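Enquirer: Dropping the structure in here first, questions after.
The values are calculated or read from the model by the stated rules, or taken from the named source; none is laboratory data. These numbers come from a predicted model, not from an experiment. Methodologically, a virtual Cβ is constructed for each residue, glycine included, from the backbone with ideal geometry; neighbour enumeration extends over all protein chains shown. With ligands, DNA and RNA removed, areas are computed over all heavy atoms of the protein, side chains included. Shrake-Rupley method; radii C 1.70, N 1.55, O 1.52, S 1.80 Å.
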Amino acid sequence: MPSATRHPRVIPARESRRILLAAQGLATPPAARSGPVSVQRLIDRLGFVQVDSINVVERAHHLILQTRLESYRHETLTTLLEKDRSLFEHWTHDASLIPTCWFEQWKPRFARYADRADRNEWWHERLGGDPAPLLKRIHARVRTTGPLRGRDLEDERSEDGGGGWWNWHPGKAALEHLWRAGRLSIAGRTRFEKIYDLTERVHPEPYARRKPSAAAHVEWACRTALERLGVATSNEVAAFWNSIPAADARVWCDAAVGRGEIEPVLLEDLDGRSRAAYATNESRRMAKLDPWDETIRTLCPFDPVIRDRKRILRRFDFDYRFEAFVPEAKRRYGYYTLPLLRGDRFLGRIDPKFDRKNDVLLVRGPWWEPGCDTRLHRKMLETATNRLAAQIGAASWRFVG
(Lines give C-alpha, C1' and ligand atoms only; values in the text may rest on other atoms or scores of the structure.)
Protein backbone atom coordinates (compact mmCIF):
# COMPACT_ATOMS: atom_id res chain seq x y z
CA MET A 1 0.00 0.00 0.00
CA PRO A 2 1.20 3.60 -0.59
CA SER A 3 2.85 5.24 2.39
CA ALA A 4 0.02 7.83 2.44
CA THR A 5 -2.31 5.25 4.03
CA ARG A 6 -0.06 4.82 7.06
CA HIS A 7 0.36 7.09 10.02
CA PRO A 8 3.03 9.63 9.05
CA ARG A 9 6.46 9.14 10.53
CA VAL A 10 7.29 11.76 13.17
CA ILE A 11 10.67 13.44 12.68
CA PRO A 12 11.89 15.16 15.86
CA ALA A 13 13.71 18.49 15.58
CA ARG A 14 17.09 16.87 16.31
CA GLU A 15 16.66 14.48 13.38
CA SER A 16 15.35 17.17 11.03
CA ARG A 17 18.32 19.43 11.67
CA ARG A 18 20.71 16.55 11.05
CA ILE A 19 18.95 15.89 7.76
CA LEU A 20 19.28 19.55 6.74
CA LEU A 21 22.97 19.72 7.67
CA ALA A 22 23.72 16.50 5.78
CA ALA A 23 21.78 17.64 2.71
CA GLN A 24 23.61 20.99 2.70
CA GLY A 25 27.12 19.66 3.19
CA LEU A 26 27.69 20.53 6.84
CA ALA A 27 27.56 17.09 8.46
CA THR A 28 31.10 16.11 7.49
CA PRO A 29 34.53 17.79 7.81
CA PRO A 30 35.49 20.35 5.14
CA ALA A 31 36.54 18.42 2.04
CA ALA A 32 40.27 18.21 1.39
CA ARG A 33 39.86 18.47 -2.39
CA SER A 34 38.90 21.92 -3.63
CA GLY A 35 39.59 21.85 -7.37
CA PRO A 36 37.07 22.74 -10.09
CA VAL A 37 35.40 19.31 -10.02
CA SER A 38 34.94 19.47 -6.24
CA VAL A 39 33.61 23.05 -6.27
CA GLN A 40 31.19 22.26 -9.11
CA ARG A 41 29.99 19.12 -7.36
CA LEU A 42 29.40 21.05 -4.14
CA ILE A 43 27.38 23.78 -5.85
CA ASP A 44 25.36 21.10 -7.65
CA ARG A 45 24.66 19.58 -4.25
CA LEU A 46 23.69 22.88 -2.63
CA GLY A 47 21.62 23.93 -5.64
CA PHE A 48 22.94 27.48 -5.67
CA VAL A 49 25.28 29.80 -3.82
CA GLN A 50 24.11 33.32 -2.99
CA VAL A 51 26.10 36.33 -4.21
CA ASP A 52 26.10 39.51 -2.14
CA SER A 53 27.88 42.84 -2.47
CA ILE A 54 28.80 43.22 1.22
CA ASN A 55 32.53 42.63 1.68
CA VAL A 56 33.15 43.53 5.32
CA VAL A 57 34.81 40.12 5.84
CA GLU A 58 34.64 38.31 2.49
CA ARG A 59 32.10 37.94 -0.32
CA ALA A 60 29.20 35.70 0.64
CA HIS A 61 29.77 33.06 -2.05
CA HIS A 62 33.39 32.60 -1.00
CA LEU A 63 32.46 32.29 2.68
CA ILE A 64 29.80 29.69 1.91
CA LEU A 65 32.17 27.55 -0.14
CA GLN A 66 35.21 27.82 2.11
CA THR A 67 33.14 26.60 5.07
CA ARG A 68 32.75 23.30 3.22
CA LEU A 69 36.05 23.11 1.31
CA GLU A 70 39.34 23.12 3.18
CA SER A 71 41.57 24.68 0.52
CA TYR A 72 39.03 26.63 -1.53
CA ARG A 73 40.47 29.30 -3.87
CA HIS A 74 38.65 32.19 -5.53
CA GLU A 75 40.24 31.45 -8.89
CA THR A 76 38.55 28.07 -9.03
CA LEU A 77 35.10 29.61 -8.93
CA THR A 78 36.11 32.22 -11.51
CA THR A 79 37.19 29.41 -13.84
CA LEU A 80 33.82 27.68 -13.54
CA LEU A 81 31.93 30.93 -14.10
CA GLU A 82 33.95 32.70 -16.77
CA LYS A 83 35.83 29.97 -18.62
CA ASP A 84 33.98 26.67 -18.27
CA ARG A 85 30.58 28.41 -18.06
CA SER A 86 29.33 25.49 -15.95
CA LEU A 87 27.76 28.08 -13.63
CA PHE A 88 25.64 31.09 -14.43
CA GLU A 89 24.46 34.01 -12.34
CA HIS A 90 20.82 34.85 -11.86
CA TRP A 91 18.08 35.05 -9.22
CA THR A 92 16.63 32.47 -6.86
CA HIS A 93 15.42 34.33 -3.77
CA ASP A 94 18.36 36.64 -4.44
CA ALA A 95 21.30 36.87 -6.84
CA SER A 96 22.98 33.46 -6.94
CA LEU A 97 25.43 31.22 -8.78
CA ILE A 98 23.56 28.29 -10.33
CA PRO A 99 24.61 25.17 -12.27
CA THR A 100 24.22 25.86 -16.00
CA CYS A 101 22.74 22.40 -16.52
CA TRP A 102 19.49 23.94 -15.22
CA PHE A 103 19.60 27.08 -17.38
CA GLU A 104 16.36 26.32 -19.23
CA GLN A 105 14.51 26.20 -15.90
CA TRP A 106 15.13 29.94 -15.64
CA LYS A 107 13.31 30.67 -18.90
CA PRO A 108 9.89 30.88 -17.18
CA ARG A 109 11.45 33.36 -14.76
CA PHE A 110 12.97 35.35 -17.63
CA ALA A 111 9.50 35.70 -19.13
CA ARG A 112 8.04 36.96 -15.85
CA TYR A 113 10.79 39.54 -15.47
CA ALA A 114 10.33 40.73 -19.07
CA ASP A 115 6.73 41.67 -18.26
CA ARG A 116 7.72 43.80 -15.30
CA ALA A 117 9.21 46.66 -17.28
CA ASP A 118 5.70 47.62 -18.39
CA ARG A 119 3.74 46.71 -15.26
CA ASN A 120 6.04 47.42 -12.31
CA GLU A 121 6.28 50.90 -10.81
CA TRP A 122 9.81 50.24 -9.51
CA TRP A 123 11.09 49.66 -13.05
CA HIS A 124 9.07 52.57 -14.44
CA GLU A 125 10.89 54.92 -12.07
CA ARG A 126 14.26 53.77 -13.40
CA LEU A 127 13.51 53.09 -17.05
CA GLY A 128 10.91 55.78 -17.72
CA GLY A 129 7.28 55.52 -18.72
CA ASP A 130 8.07 53.97 -22.12
CA PRO A 131 11.01 51.58 -21.51
CA ALA A 132 10.89 49.71 -24.84
CA PRO A 133 13.04 52.19 -26.87
CA LEU A 134 15.71 52.36 -24.15
CA LEU A 135 15.86 48.57 -23.76
CA LYS A 136 16.09 48.13 -27.52
CA ARG A 137 18.89 50.71 -27.77
CA ILE A 138 20.95 49.21 -24.95
CA HIS A 139 20.51 45.67 -26.27
CA ALA A 140 21.62 46.81 -29.74
CA ARG A 141 24.66 48.54 -28.27
CA VAL A 142 25.77 45.35 -26.48
CA ARG A 143 25.26 43.37 -29.68
CA THR A 144 27.33 45.87 -31.69
CA THR A 145 30.10 46.94 -29.29
CA GLY A 146 30.40 43.85 -27.09
CA PRO A 147 30.34 43.39 -23.30
CA LEU A 148 29.43 46.45 -21.23
CA ARG A 149 29.46 47.55 -17.60
CA GLY A 150 27.01 49.97 -16.06
CA ARG A 151 29.66 52.69 -15.98
CA ASP A 152 30.09 52.36 -19.75
CA LEU A 153 26.60 53.82 -20.14
CA GLU A 154 27.04 57.05 -18.26
CA ASP A 155 25.84 58.80 -21.41
CA GLU A 156 22.46 57.19 -20.79
CA ARG A 157 22.09 59.08 -17.51
CA SER A 158 18.95 61.18 -17.26
CA GLU A 159 19.19 64.97 -17.32
CA ASP A 160 18.66 65.29 -13.58
CA GLY A 161 21.65 63.03 -12.83
CA GLY A 162 19.70 59.83 -12.33
CA GLY A 163 19.97 58.85 -8.71
CA GLY A 164 17.52 56.32 -7.38
CA TRP A 165 18.22 53.00 -5.79
CA TRP A 166 21.95 52.22 -5.83
CA ASN A 167 22.30 55.30 -8.07
CA TRP A 168 20.92 53.38 -11.04
CA HIS A 169 20.92 55.67 -14.06
CA PRO A 170 18.60 54.54 -16.89
CA GLY A 171 21.38 52.82 -18.84
CA LYS A 172 22.43 50.65 -15.91
CA ALA A 173 18.79 49.90 -15.09
CA ALA A 174 18.31 48.79 -18.70
CA LEU A 175 21.30 46.43 -18.49
CA GLU A 176 19.97 44.98 -15.25
CA HIS A 177 16.48 44.49 -16.63
CA LEU A 178 17.78 42.84 -19.81
CA TRP A 179 19.84 40.49 -17.63
CA ARG A 180 16.90 39.58 -15.43
CA ALA A 181 14.79 38.99 -18.55
CA GLY A 182 17.43 36.58 -19.91
CA ARG A 183 18.44 38.66 -22.93
CA LEU A 184 21.83 39.47 -21.38
CA SER A 185 24.03 37.35 -19.13
CA ILE A 186 26.88 38.09 -16.74
CA ALA A 187 30.05 37.40 -18.73
CA GLY A 188 32.29 38.18 -15.75
CA ARG A 189 33.00 40.73 -13.06
CA THR A 190 35.73 43.32 -12.51
CA ARG A 191 36.12 44.22 -8.83
CA PHE A 192 32.63 42.77 -8.40
CA GLU A 193 31.15 45.03 -11.09
CA LYS A 194 29.02 43.07 -13.55
CA ILE A 195 30.03 42.77 -17.19
CA TYR A 196 27.00 42.14 -19.40
CA ASP A 197 26.94 40.43 -22.80
CA LEU A 198 24.35 38.76 -25.04
CA THR A 199 23.14 35.50 -23.54
CA GLU A 200 23.59 33.70 -26.85
CA ARG A 201 27.29 34.63 -26.75
CA VAL A 202 27.88 33.78 -23.08
CA HIS A 203 25.82 30.57 -22.94
CA PRO A 204 25.10 29.58 -26.56
CA GLU A 205 24.08 25.95 -25.98
CA PRO A 206 21.88 26.57 -22.90
CA TYR A 207 20.37 29.59 -24.64
CA ALA A 208 19.17 27.33 -27.45
CA ARG A 209 17.37 24.90 -25.15
CA ARG A 210 13.61 24.93 -25.18
CA LYS A 211 11.63 26.47 -22.34
CA PRO A 212 10.17 23.66 -20.19
CA SER A 213 6.46 23.12 -19.97
CA ALA A 214 4.71 24.36 -16.83
CA ALA A 215 4.36 20.78 -15.55
CA ALA A 216 8.01 19.94 -16.26
CA HIS A 217 9.13 23.09 -14.46
CA VAL A 218 7.09 22.28 -11.35
CA GLU A 219 8.43 18.71 -11.42
CA TRP A 220 12.02 19.99 -11.59
CA ALA A 221 11.54 22.70 -8.95
CA CYS A 222 9.95 20.39 -6.39
CA ARG A 223 12.12 17.33 -6.89
CA THR A 224 15.44 19.18 -6.85
CA ALA A 225 14.40 21.32 -3.88
CA LEU A 226 13.35 18.38 -1.75
CA GLU A 227 16.53 16.49 -2.63
CA ARG A 228 18.52 19.45 -1.28
CA LEU A 229 16.46 19.84 1.89
CA GLY A 230 15.89 16.18 2.77
CA VAL A 231 12.68 16.98 4.60
CA ALA A 232 10.50 20.07 4.16
CA THR A 233 7.00 21.46 4.16
CA SER A 234 5.44 22.24 0.78
CA ASN A 235 5.98 25.95 1.50
CA GLU A 236 9.68 25.31 2.10
CA VAL A 237 9.87 23.31 -1.13
CA ALA A 238 8.35 26.22 -3.08
CA ALA A 239 10.59 28.78 -1.35
CA PHE A 240 13.82 26.95 -2.17
CA TRP A 241 13.99 28.18 -5.79
CA ASN A 242 11.34 30.87 -5.38
CA SER A 243 10.05 29.90 -8.81
CA ILE A 244 6.63 28.26 -8.28
CA PRO A 245 3.56 28.94 -6.09
CA ALA A 246 3.26 27.04 -2.81
CA ALA A 247 -0.02 25.53 -4.02
CA ASP A 248 1.76 23.90 -6.98
CA ALA A 249 4.41 22.48 -4.65
CA ARG A 250 1.72 20.99 -2.41
CA VAL A 251 -0.03 19.32 -5.35
CA TRP A 252 3.25 17.88 -6.63
CA CYS A 253 4.28 16.58 -3.21
CA ASP A 254 0.94 14.85 -2.65
CA ALA A 255 1.14 13.28 -6.11
CA ALA A 256 4.72 12.11 -5.45
CA VAL A 257 3.54 10.51 -2.21
CA GLY A 258 0.85 8.69 -4.17
CA ARG A 259 3.52 7.38 -6.55
CA GLY A 260 5.61 6.16 -3.62
CA GLU A 261 8.50 8.51 -4.48
CA ILE A 262 8.55 10.49 -1.23
CA GLU A 263 7.11 10.03 2.23
CA PRO A 264 4.60 12.15 4.16
CA VAL A 265 5.93 12.96 7.63
CA LEU A 266 5.26 15.15 10.64
CA LEU A 267 8.03 17.61 11.49
CA GLU A 268 8.16 18.07 15.24
CA ASP A 269 9.47 21.46 16.34
CA LEU A 270 11.41 22.04 19.54
CA ASP A 271 8.28 23.52 21.14
CA GLY A 272 6.43 20.24 20.56
CA ARG A 273 4.21 21.45 17.73
CA SER A 274 4.12 19.41 14.53
CA ARG A 275 3.70 20.37 10.87
CA ALA A 276 2.85 18.25 7.84
CA ALA A 277 5.89 17.78 5.62
CA TYR A 278 7.54 15.49 3.08
CA ALA A 279 10.78 13.52 3.19
CA THR A 280 13.04 11.78 0.71
CA ASN A 281 14.00 8.14 1.16
CA GLU A 282 17.56 9.31 1.76
CA SER A 283 16.41 11.32 4.78
CA ARG A 284 16.23 8.18 6.93
CA ARG A 285 19.95 7.61 6.47
CA MET A 286 20.81 11.29 6.98
CA ALA A 287 18.82 11.42 10.24
CA LYS A 288 21.18 8.85 11.75
CA LEU A 289 24.37 10.75 10.95
CA ASP A 290 26.29 12.31 13.83
CA PRO A 291 27.40 15.70 12.44
CA TRP A 292 31.12 16.40 12.62
CA ASP A 293 31.82 18.39 15.78
CA GLU A 294 35.59 18.49 16.17
CA THR A 295 35.68 22.23 15.67
CA ILE A 296 33.43 25.26 15.25
CA ARG A 297 32.35 26.47 11.82
CA THR A 298 31.73 30.18 11.25
CA LEU A 299 28.77 30.43 8.89
CA CYS A 300 28.12 33.25 6.44
CA PRO A 301 24.88 35.18 7.12
CA PHE A 302 23.73 34.04 3.65
CA ASP A 303 24.56 30.36 4.15
CA PRO A 304 21.70 28.23 2.79
CA VAL A 305 21.32 26.46 6.14
CA ILE A 306 20.43 29.68 7.97
CA ARG A 307 18.65 31.54 5.16
CA ASP A 308 15.25 30.53 6.56
CA ARG A 309 15.38 32.20 10.00
CA LYS A 310 12.13 30.60 11.18
CA ARG A 311 13.41 27.14 10.28
CA ILE A 312 16.59 27.42 12.32
CA LEU A 313 14.58 28.78 15.26
CA ARG A 314 12.17 25.82 15.10
CA ARG A 315 14.84 23.17 14.57
CA PHE A 316 17.93 24.59 16.31
CA ASP A 317 16.46 27.04 18.86
CA PHE A 318 18.73 29.70 17.41
CA ASP A 319 17.25 33.16 16.91
CA TYR A 320 19.37 34.79 14.20
CA ARG A 321 18.84 38.21 12.68
CA PHE A 322 20.99 39.82 9.99
CA GLU A 323 21.57 43.34 11.27
CA ALA A 324 23.49 45.02 8.44
CA PHE A 325 20.38 46.98 7.49
CA VAL A 326 19.39 47.73 11.08
CA PRO A 327 20.36 51.21 12.35
CA GLU A 328 23.57 50.88 14.34
CA ALA A 329 22.00 52.10 17.58
CA LYS A 330 19.39 49.34 17.36
CA ARG A 331 21.74 46.45 16.60
CA ARG A 332 21.92 43.83 19.30
CA TYR A 333 25.11 42.17 18.08
CA GLY A 334 26.67 43.75 15.01
CA TYR A 335 26.75 44.55 11.32
CA TYR A 336 27.78 41.14 9.92
CA THR A 337 27.46 38.53 12.63
CA LEU A 338 28.54 34.98 11.84
CA PRO A 339 26.74 32.11 13.61
CA LEU A 340 28.98 29.56 15.32
CA LEU A 341 28.02 25.96 14.49
CA ARG A 342 29.40 22.90 16.20
CA GLY A 343 27.91 19.59 15.19
CA ASP A 344 24.16 20.19 15.06
CA ARG A 345 24.10 23.03 17.57
CA PHE A 346 24.55 26.79 17.22
CA LEU A 347 26.76 27.95 20.09
CA GLY A 348 26.67 31.71 19.56
CA ARG A 349 27.91 34.37 17.15
CA ILE A 350 30.76 36.79 16.43
CA ASP A 351 30.89 40.08 14.52
CA PRO A 352 34.12 40.17 12.45
CA LYS A 353 35.48 42.89 10.19
CA PHE A 354 38.55 42.66 7.96
CA ASP A 355 40.68 45.77 8.45
CA ARG A 356 42.41 45.50 5.08
CA LYS A 357 44.55 48.59 5.62
CA ASN A 358 46.24 47.01 8.65
CA ASP A 359 45.81 43.41 7.44
CA VAL A 360 44.03 42.27 10.59
CA LEU A 361 40.70 40.58 11.23
CA LEU A 362 38.92 42.38 14.07
CA VAL A 363 36.38 40.29 15.96
CA ARG A 364 33.69 41.60 18.29
CA GLY A 365 32.07 39.14 20.67
CA PRO A 366 31.64 36.28 21.09
CA TRP A 367 28.05 36.18 22.25
CA TRP A 368 27.44 32.68 23.52
CA GLU A 369 24.12 30.88 23.69
CA PRO A 370 23.11 29.79 27.25
CA GLY A 371 25.43 27.10 28.59
CA CYS A 372 27.88 27.35 25.68
CA ASP A 373 30.56 29.60 27.18
CA THR A 374 32.96 26.81 28.09
CA ARG A 375 36.74 26.50 28.01
CA LEU A 376 36.47 23.94 25.20
CA HIS A 377 34.28 26.19 23.06
CA ARG A 378 36.51 29.22 23.62
CA LYS A 379 39.49 27.16 22.46
CA MET A 380 37.53 25.90 19.45
CA LEU A 381 36.55 29.47 18.58
CA GLU A 382 40.21 30.53 18.53
CA THR A 383 40.94 27.70 16.08
CA ALA A 384 37.95 28.62 13.90
CA THR A 385 38.93 32.30 13.88
CA ASN A 386 42.50 31.40 12.95
CA ARG A 387 41.10 29.43 10.01
CA LEU A 388 38.81 32.28 8.95
CA ALA A 389 41.67 34.79 9.06
CA ALA A 390 43.89 32.51 6.98
CA GLN A 391 41.15 31.93 4.42
CA ILE A 392 40.48 35.62 3.82
CA GLY A 393 44.20 36.43 3.76
CA ALA A 394 44.47 38.38 7.02
CA ALA A 395 47.95 38.37 8.57
CA SER A 396 46.49 38.28 12.10
CA TRP A 397 43.30 38.62 14.09
CA ARG A 398 42.26 39.83 17.50
CA PHE A 399 39.17 40.27 19.64
CA VAL A 400 38.06 43.87 20.14
CA GLY A 401 35.61 45.46 22.55
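Enquirer: Take every Cα-Cα distance within segment 239-324, group them into 5 Å bins from 0 onward, and report for each bin the whole-number percent of pairs it holds.
Expert: 3, 11, 14, 21, 23, 16, 8, 4, 1, 0
Enquirer: How big is the C-alpha Rg of segment 52-99 next to the rule-of-thumb value 2.2 N^0.38 Å, as a ratio?
Expert: Computed over Cα atoms of segment 52-99, the ratio equals 1.16.
Enquirer: How much accessible area per residue does segment 1-130 have, counting only protein heavy atoms and a probe of 1.4 Å, in square angstrom?
Expert: 43
Enquirer: Leaving out ligands, DNA and RNA, and with a 1.4 Å probe, what % of the accessible surface on segment 261-369 is carbon or sulfur?
Expert: 45
Enquirer: Based solely on its DSSP helices, what 222 nm [θ] is calculated for the chain when runs of n ≥ 4 H residues each add -39,500 (n - 2.57) and the sum is averaged over all residues, nearest 500 deg cm²/dmol?
Expert: After summing the helix terms and dividing by residue count, I get -11500 deg cm²/dmol.
Enquirer: Ok, one more. Given R₀ = 56 Å, what would the calculated FRET efficiency be for ARG112 paired with ARG375, taking r from the Cβ atoms and rounding to 0.05?
Expert: 0.55
Enquirer: With springs connecting C-alpha atoms under 10 Å apart, model the chain as a Gaussian network and identify which of ALA249, ALA181, ALA32 has the largest mean-square fluctuation.
Expert: ALA32
Enquirer: Right, here's the next one. Check which residues have an amide H placed less than 5 Å from TYR278's amide H, if you skip close sequence neighbours.
Expert: ALA232, THR233, VAL265
Enquirer: Also, I was wondering about something else. Percent relative contact order of the chain, based on C-alpha pairs within less than 8 angstrom and at least six residues apart?
Expert: With pairs under 8 Å counted, the relative contact order is 19 percent.
Enquirer: Please list the non-local residues whose amide H lies under 5 Å from the amide H of ARG364, H modeled 1.01 Å from N, same-chain partners needing a gap of 5 or more.
Expert: ASP351, LYS353, VAL400
Enquirer: For segment 236-380, with every protein chain kept in place, what is the accessible area per residue (1.4 Å probe, Å²)?
Expert: 50
Enquirer: Moving to a separate point now. Could you run the Karplus curve 6.51 cos²θ - 1.76 cosθ + 1.60 with θ = phi - 60° over segment 352-358 and give me ³J(HN,Hα) per residue in whole Hz, x for Gly and Pro?
Expert: Taking θ as phi minus 60°, the curve returns x, 8, 8, 7, 5, 4, 9 Hz for segment 352-358.
Enquirer: Hey, another quick one. Given the C-alpha atoms of the chain, compute the convex hull and give its volume per residue in Å³.
Expert: Convex hull volume per residue, Cα atoms: 165 Å³.
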